[in-house]
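Enquirer: Structure incoming, see below.
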Amino acid sequence: MASMLTSAYRCPWKRYAMPRLLRLFPALLLPLCLALAGTVSATDYNTSDVQVHGGWHSLVLSLGEERHVRAIDQQSYSDAILSVNASAWACDLPWLELRVALAKNQAESATVNRVPADLRVDHQTIHSGSATFVTERGDNGFYVRFALSELSLLLEEMGEGELLRLRIMRSEDDPWFMAFGLEGAGEAIQRMRRLCAAAEG
């Protein structure tokens, strides 16, 4: 597995293009406000405490008494956003998610597929898990939600690394490769944790 990942990730940068399925949709430059509501649902959340950390941001989403915090990379792709998320009162259960912009809002909420996925920061641990493809009714996002057994270790490595590479096996012979810059990720994730603790205050 390690050699397979390493050799694949040495390919030219064009290998990290969006998957064929998603290339059918026009690339959209996403303003920060679109990234903020994310997959918490299609609901419009209030955003606050936005701070820039290199290529990443940290912020708070709120609606009534509900509070979520987020660290996001919005610069690696024009139509895709990687985020680390947590909810107040569950700060110890963060999740990692990828959002890709589609051409129009989706008619229904659905789990489209669940496939194997591997993530790796630089030359660190290869984290093998699964990726669930999800759409949300009334939302123009295509979401990829990762399930990893050692997410805390991956987040630590993201905070110290330069590049996060991922491989999602859409089918046995159809991998999807992407890579995300990590400049500012450590600061954004640490501030996200502080914001989450403060929200529980």
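The values are calculated or read from the model by the stated rules, or taken from the named source; none is laboratory data. Computed from a predicted model, the values in this text were never measured in an experiment. Because the Cβ atoms are built from the backbone with ideal geometry, glycine has one as well, and the counts that use them run over all protein chains shown.
Enquirer: Taking residue 138 and the conditions (1) surrounded by fewer than 16 Cβ atoms within 10 Å (Cβ to Cβ); (2) on the phi > 0 side of the Ramachandran plot; (3) at pLDDT 95 or above, which numbered condition does it fall short on, given that it satisfies the others?
Expert: (3)
Enquirer: What's the number of the only condition in (1) of a type outside the set (Asp, Glu); (2) under 18 Å from residue 167 (Cα atoms); (3) modelled with pLDDT of 95 or more that residue 100 fails to meet?
Expert: If we test residue 100 against (1) of a type outside the set (Asp, Glu); (2) under 18 Å from residue 167 (Cα atoms); (3) modelled with pLDDT of 95 or more, just (3) comes out false.
Enquirer: Report whether or not residue 111 is among the polar types (S, T, N, Q), without any contact (Cβ under 8 Å) to a residue 24 or more places away in the chain and surrounded by fewer than 16 Cβ atoms within 10 Å (Cβ to Cβ).
Expert: Judged against the criteria, residue 111 is a match.
Enquirer: Among the residues of the range 66-84, how many are of a type in the set (A, V, I, L, M) and either without any contact (Cβ under 8 Å) to a residue 60 or more places away in the chain or in a loop (DSSP other than H, G, I, E, B) (or both)? Show your work before the answer.
Expert: Kept after step one, since they are of a type in the set (A, V, I, L, M), are these residues of the range 66-84: 69, 71-72, 80-82, 84.
Subsequent filtering for residues that are either without any contact (Cβ under 8 Å) to a residue 60 or more places away in the chain or in a loop (DSSP other than H, G, I, E, B) (or both) retains 81.
Here the count works out to 1.
Enquirer: Would you check if residue 134 is farther than 16 Å from residue 82 by Cα and assigned to a strand (DSSP E or B)?
Expert: Numbers: farther than 16 Å from residue 82 by Cα: no; assigned to a strand (DSSP E or B): yes.
So residue 134 fails the test.
Enquirer: Can you pull out the residues in the range 175-197 that are in a helix (DSSP H, G or I) and in contact (Cβ under 8 Å) with a residue 24 or more places away in the chain?
Expert: Pass one, the range 175-197, residues in a helix (DSSP H, G or I): 185-197.
Those that are in a helix (DSSP H, G or I) and in contact (Cβ under 8 Å) with a residue 24 or more places away in the chain: 185, 186, 187, 188, 189, 190, 191, 192, 193, 195, 196, 197.
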